[in-house]
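Below: one structure, written as structure tokens.
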Amino acid sequence: MKMLSPSFLNRALVLAALISACMLSRVASESTSGETPDEVLNRTEIYSEKKLADGWADYSWEKDVVDYESEPGQNSSTAIDVRIGAWGGFSLAHISKRENCSDDCDVSQFIQRADSNAFALRMKIQGSLGSGHPKDGEKNSSRNGDDDGWLYLTDGRVIPKDRSGFRSRNGVPAQHFAKPTSLNGIVLYLEDSERGRTTDHKPIGAFRHADVRSIMVDDSTWVELKVHLDPLLERAGIDKWDKIVLKDNTGNGFHIRIDQVHLTSKESEGESDNGDDDSEIEAEVFANEVRSKEPRKVVRRVWLKDAPENRPASPTRNRTGANFQTCSSYGSPIEVAHLSDDELKEPSGFTSSRVHDGIIWTHQDRDTTPYLFGLVASTGEVVSKHYFDVIKYHETDWEDIASALCPDQSGDTCLWIADSGNVKRDREEFFVHVFREPDLLERDGHISSDDIWTFTYRFPKDGNKDRPWVDIESLVVLPDGSKFWLIEKTVNGHGNGPATIWEVPSGYGPIDLVTKNDGDSVLKEFTRRGRDAIWDHEDLVMELKLAKKIVNPDVSNVVHSFLDPGRFDPPLEEWVREKMERGDQDWNKLRAITGADIHPSGKSLVACTYSGIWEYPLEKAFDLGSLGEPKLLSLTNRYDDPFWQTESVAYDSAGNGIWVASEYYKGHQPIRYFGCA
């Protein structure tokens with residue numbers, strides 16, 4: 001047997017040691033970052049381990065702090081601490097240096113759109129240190145039962161909840177801590193500095209990892225962002241770029257921490273050319289804001305073109321509460337879009353489509369033409385408008401809309417509209433119109449009276465007295481279409497109410513009446529003939545039953561002494577502060593419930609008032625008789641908040657957040673979204 005030389009053995013031992021060290025390094029990298037070795041090897045670092053990579057430079061502006069060697073936060077060994085002033089931006093530029101120059105030495109090094117190693121931009125984001133929830137045993141008590149130290153206004157501002165006006169942990173004053181940061185108050189874009197062109201400015205909340213639901217970040221965890229670069233560059237007509245920019249989009253500045261900024265290749269992302277055209281993908285802002293924890297569905301706008309081969313059908317998952325979870329808390333409401341149609345001036349109710357993901361159906365208040373509007377929640381674009389043939393009912397006062405199965409037990413999804421307003425106190429008969437959810441392929445449609453079931457209801461007489469005056473602005477329907485509830489709008493009793501909740505009596509539910517003798521055709525006759533048909537079919541008129549009385553939710557009980565105009569962040573304008581300090585906003589007059597929706601799980605009910613957005617727990621799923629005490633989700637400020645007159649509120653179809661809009665603007669109202677936190 002041939003003996004190996006000592007020099008060869010030494011070289012082999014050195015090589016083995018090097019291989020072992022590399023393997024340990026890769027394992028260590030995998031254990032600290034959660035990434036596989038292949039992922040680490042197939043990426044281009046921009047920032048990691050407390051330093052920028054060679055060829056990258058800080059080009060931030062309006063910066064208070066940009067610290068690349070800041071104190072590490074939770075679950076991290078490194079981070080960039082970024083504090084940017086109003087309208088400023090954090091920017092990283094890809095550059096090289098000219099040799100032998102004393103001024104303007106930076107030369108842009110452009111990254112080409114066609115570069116396969118720059119397929120996606122990834123980074124991790126968290127809030128500033130001290131912005132997380134208190135640890136166990138350090139919870140702040142609050143009148144509405146949670147441990148969040150901040151109360152979010154409908155327009156995104158905040159006030160501290162504790163009575164002193166400051167958060168604290170173990171006696172440390174709150175000024176040493178910070179509030180959570182909204183991911184959608186910061187926009188991201190790429191820039192071609194040579195041509196002065198940028199991609200669309202997208203709120204970074206649109207780039208969250210699919211499993212992350214929160215749009216608020218604090219220092220308790222890291223949120224991963226993933227930006228597919230090609231769709232952004234293609235949309236902007238840009239072939240190359242040299243700057244990454246995160247810019248303040250609110251005028252309030254921002255304070256965040258950033259780590260592991262890198263570019264990944266197409267191969268490392270597991271992507272391949274499969275013939276799909278990314279330009280067809282609906283990539284609007286917040287498109288992933290309304291998805292469930294399941295892998296996010298890509299929304300293609302094929303329903304605006306010719307008839308698709310695979311038309312979406314009513315998903316069975318929307319017919320039971322078993323697949324849905326309620327939110328334990330919500331983040332700050334974020335302005336998503338504005339209503340696009342000039343005719344849609346007073347949205348008086350919202351419901352999320354159970355057929356078309358990401359679509360909201362809405363209608364207007366009294367004294368308007370009876371149109372049904374279908375809009376893209378994430379953009380405000382009205383994509384379908386249908387004339388509603390209920391002319392025989394003369395003046396209507398539609399107040400709310402809901403989605404549930406049709407009462408003919410066909411399994412189709414129907415929309416339910418409550419013609420329930422009675423502000424003039426001149427009505428005894430009221431109506432709920434029910435019809436199949438329209439096809440979005442019809443941009444301008446017509447819902448015939450032959451296709452509408454009209455259910456007539458009255459309130460019971462008190463002995464021999466007249467029927468009571470009840471003004472209803474909220475409709476809730478059981479998912480199977482067998483029952484509905486109506487919630488009163490009232491400010492009686494100095495705002496206390498009580499507000500009454502009414503339900504259909506046993507044996508007179510929608511399914512009962514449709515299947516009763518010739519009920520299907522008679523209820524459609526109600527629609528065709530109008531009010532005159534009622535007198536011929538008194539047996540099909542519902543006399544509602546009182547289900548429960550509740551006290552109107554009271555903002556002053558929750559915010560108590562810390563509703564101080566000096567504590568708003570960002571600060572109120574001077575004229576608003578003066579009005580609040582005079583105390584001439586009467587909260588009692590703003591307590592009436594003006595809209596409601598039930599969570600897909602049946603375990604909670606969201607309600608809007610002119611003073612705020614509230615959520616009620618239900619002790620028994622889908623039973624409004626079991627409503628518990630409400631929790632204040634967001635406060636409105638009448639003087640400068642366009643949401644103080646909110647009448648449209650709805651959970652998204654997955655129950656992961658809440659959509660709201662107001663009547664106040666009288667056209668092109670903003671739409672806001674509360675995501676689960």
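The values are calculated or read from the model by the stated rules, or taken from the named source; none is laboratory data. None of the values given here were measured: they were computed from a predicted structure. Here the Cβ is made from the backbone with ideal geometry for all residues, glycine too, and neighbour counts use every protein chain on show. Heavy atoms of the whole protein, side chains included, go into the accessibility calculation; ligands, DNA and RNA do not. Shrake-Rupley method; radii C 1.70, N 1.55, O 1.52, S 1.80 Å.
Across region 509-528, which residue is modelled with the lowest pLDDT among those that are assigned to a loop (DSSP other than H, G, I, E, B) and either over 36 Å from the mean Cα position of the chain (by Cα) or charged (D, E, K, R) (or both)? Of everything passing the filter in region 509-528, Asn517 is modelled with the lowest pLDDT.
Just one of the listed residues (Thr527, Thr500, Thr456) is touching a Pro at 6+ places or on another chain (Cβ under 9 Å) and either in contact (Cβ under 8 Å) with a residue 24 or more places away in the chain or open to solvent by 50 Å² or more (accessible area, probe 1.4 Å) (or both), and it is Thr500. Of all the residues in region 239-272, those that are more than 26 Å from the chain's Cα centre (by Cα) and open to solvent by 20 Å² or more (accessible area, probe 1.4 Å) number 11.
When region 202-230 is filtered for residues that are at pLDDT 90 or above and surrounded by fewer than 16 Cβ atoms within 10 Å (Cβ to Cβ), only Lys226 remains.
Does at least one position in region 462-473 carry a residue that is touching a residue at least 40 places away in the same chain (Cβ under 8 Å) and surrounded by 23 or more Cβ atoms within 10 Å (Cβ to Cβ)? Checked against the condition, which is being touching a residue at least 40 places away in the same chain (Cβ under 8 Å) and surrounded by 23 or more Cβ atoms within 10 Å (Cβ to Cβ), region 462-473 yields at least one hit. Ser626 meets the conditions (1) among the polar types (S, T, N, Q); (2) over 22 Å from Asp365 (Cβ atoms); (3) open to solvent by less than 10 Å² (accessible area, probe 1.4 Å) in every case but one. The failed one is (3). Looking only at region 620-651, residues that are among the small types (Gly, Ala, Ser), in a strand (DSSP E or B) and modelled with pLDDT of 90 or more come to 2 in all.
Filtering region 366-383 to residues that are over 28 Å from Thr250 (Cα atoms), open to solvent by less than 20 Å² (accessible area, probe 1.4 Å) and touching a residue at least 40 places away in the same chain (Cβ under 8 Å) leaves Leu372, Gly374, Val383.
Which residue, of Ser561, Ser506, is open to solvent by 50 Å² or more (accessible area, probe 1.4 Å), hydroxyl-bearing (Ser, Thr, Tyr) and at pLDDT 75 or above? Break it down into steps so the answer makes sense when it comes.
Details: Ser561 fails: at pLDDT 75 or above.
Step by step, each of Ser561, Ser506 is checked, and only Ser506 is open to solvent by 50 Å² or more (accessible area, probe 1.4 Å), hydroxyl-bearing (Ser, Thr, Tyr) and at pLDDT 75 or above.
Within region 338-348, at least one residue is within 20 Å of Gly675 (Cβ to Cβ), open to solvent by 20 Å² or more (accessible area, probe 1.4 Å) and not aliphatic (A, V, I, L, M).
What do you reckon, is Lys247 of a type outside the set (Val, Ile, Thr) and at pLDDT 85 or above? Steps first, answer last, please.
Details: of a type outside the set (Val, Ile, Thr): yes; at pLDDT 85 or above: yes.
In short, yes.
Inspect all residues belonging to region 30-39 and state whether any of them is open to solvent by 30 Å² or more (accessible area, probe 1.4 Å), among the hydroxyl-bearing types (Ser, Thr, Tyr), at pLDDT below 60 and more than 24 Å from Ser268 (Cα to Cα). No, region 30-39 has no match at all. Which residues, counting only those in region 397-456, are of a type in the set (Val, Ile, Thr) and assigned to a strand (DSSP E or B)? Passing the criteria: Ile401, Thr413, Ile417, Val432, Val434, Ile447, Thr454, Thr456. Restricting Asn117, Asn144 to those that are assigned to a loop (DSSP other than H, G, I, E, B) and modelled with pLDDT under 65 reduces the list to Asn144. Within region 327-352, being part of a loop (DSSP other than H, G, I, E, B) and within 14 Å of the chain's Cα centre (by Cα) holds for Cys327, Ser329, Gly331, Ser332, Pro333. Taken across region 415-435, residues that are modelled with pLDDT of 90 or more and surrounded by fewer than 19 Cβ atoms within 10 Å (Cβ to Cβ) do not occur at all. Within the span defined as region 53-67, one or more residues are among the aromatic types (Phe, Trp, Tyr), part of a strand (DSSP E or B) and at pLDDT 90 or above.
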